[in-house]
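Report on the structure given below.
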Amino acid sequence: RYWRDWSSDVCSSDLYRIDGPSIGRRALRNACLGYLVAAGEGVSLAKAQFDAGRNMTDVLAALAVLSATDSQQRTDALAAFHAAWRTDDLVLDKWFAIQATSPLPDTIAAVRALATHPDFDMRAPNRVRALVGSFAGGNQVRFHDASGAGYRFLAEKIAQLDPVNGQIAARMVAPLGQWRRFDPARQTLMRDALKGILEMPGLSKGTYEMVSKSLA
């Protein structure tokens, strides 16, 4: 019955509405979808919702859920979304952000690869925030990987970004500046990343101040 009801809802021809009950229904359905997939079920439901393409809210919710799975449906959905929206910068930012916040173990490697993607541009602040900012600020599990790979990635990107856009680079320091909240091993790794940024020649004034204050 659950599968039948879900399929009926997703494939319904009802118009997209922005009234309270409709918004609440979408939010509840997408929350349930996330729980189902997290419990090891419902990947096919998420792909069906993605393929139905009824509205961007449901499409992005389904894509985010699929992005947390190691599945062919995930690969297919990410490819389809990119093909459909690669010319729309605002929507494509979502594509980068969803992958950056995936809890999968290989997310750090995936984010590094995305930083070399033809559609990634270090000169575009929104794109940098979508990938680097989402990873560092929105992926607590993988950014704080015990290996310190997440910290090193952020430090590298700050170093690359600083000559291009010092303001954005300075703001990107914040996740590393929270080192006091973590265990001693991670504190050391985060401080090392900050020290590495501080040693950069020609560091902009804003980034230098942010890093210095974070270490103080």
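The values are calculated or read from the model by the stated rules, or taken from the named source; none is laboratory data. This one's a predicted model, so the numbers in the text were calculated from it and none came from an experiment. Here the Cβ positions follow ideal geometry from the backbone for every residue, glycine too, while neighbour counts run over all protein chains shown. SASA here: full protein model, heavy atoms, side chains in, ligands and nucleic acids out. Shrake-Rupley method; radii C 1.70, N 1.55, O 1.52, S 1.80 Å.
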Checklist outcome for this item: Given the conditions (1) in contact (Cβ under 8 Å) with a residue 24 or more places away in the chain; (2) surrounded by fewer than 22 Cβ atoms within 10 Å (Cβ to Cβ); (3) closer than 22 Å to Ala64 by Cα, every one holds for Gln160 apart from (3)
Checklist entry - Only one of these conditions is not met by Leu45: (1) open to solvent by less than 20 Å² (accessible area, probe 1.4 Å); (2) without any contact (Cβ under 8 Å) to a residue 40 or more places away in the chain. Which number is it? => result (2)
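Checking the condition open to solvent by less than 50 Å² (accessible area, probe 1.4 Å) and either on the phi > 0 side of the Ramachandran plot or among the charged types (D, E, K, R) (or both), which residue from Asp88, Asp145 passes?
Working: Asp88 fails: open to solvent by less than 50 Å² (accessible area, probe 1.4 Å).
After applying the criteria, what remains is Asp145.
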Next on the checklist: Condition first: assigned to a helix (DSSP H, G or I), touching a Pro at 6+ places or on another chain (Cβ under 9 Å) and crowded, with 16+ Cβ neighbours inside 10 Å. Can you find one or more residues in segment 68-82 that meet it?
Outcome noted: no
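Has segment 113-123 got any residue that is aliphatic (A, V, I, L, M), within 30 Å of Gln160 (Cα to Cα) and open to solvent by 50 Å² or more (accessible area, probe 1.4 Å)?
Within segment 113-123, one or more residues are aliphatic (A, V, I, L, M), within 30 Å of Gln160 (Cα to Cα) and open to solvent by 50 Å² or more (accessible area, probe 1.4 Å).
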Item to check | Residues of segment 49-67 that turn out to be under 21 Å from Tyr35 (Cβ atoms), more than 15 Å from the chain's Cα centre (by Cα) and part of a helix (DSSP H, G or I), as a count | outcome: 7
Checklist entry - Scanning for something open to solvent by 50 Å² or more (accessible area, probe 1.4 Å), modelled with pLDDT of 95 or more and aromatic (Phe, Trp, Tyr), does segment 9-24 turn up at least one residue? => result no
Checklist entry - Of the residues that sit in segment 182-216 and are closer than 28 Å to Asn126 by Cβ and open to solvent by 60 Å² or more (accessible area, probe 1.4 Å), which one is modelled with the lowest pLDDT? => result Gly202
Checklist entry - Going by the conditions given, is Ala113 in contact with a Phe, Trp or Tyr (Cβ under 7 Å, 6 or more places away or on another chain), closer than 19 Å to Glu156 by Cβ, assigned to a helix (DSSP H, G or I) and among the aliphatic types (A, V, I, L, M)? => result no
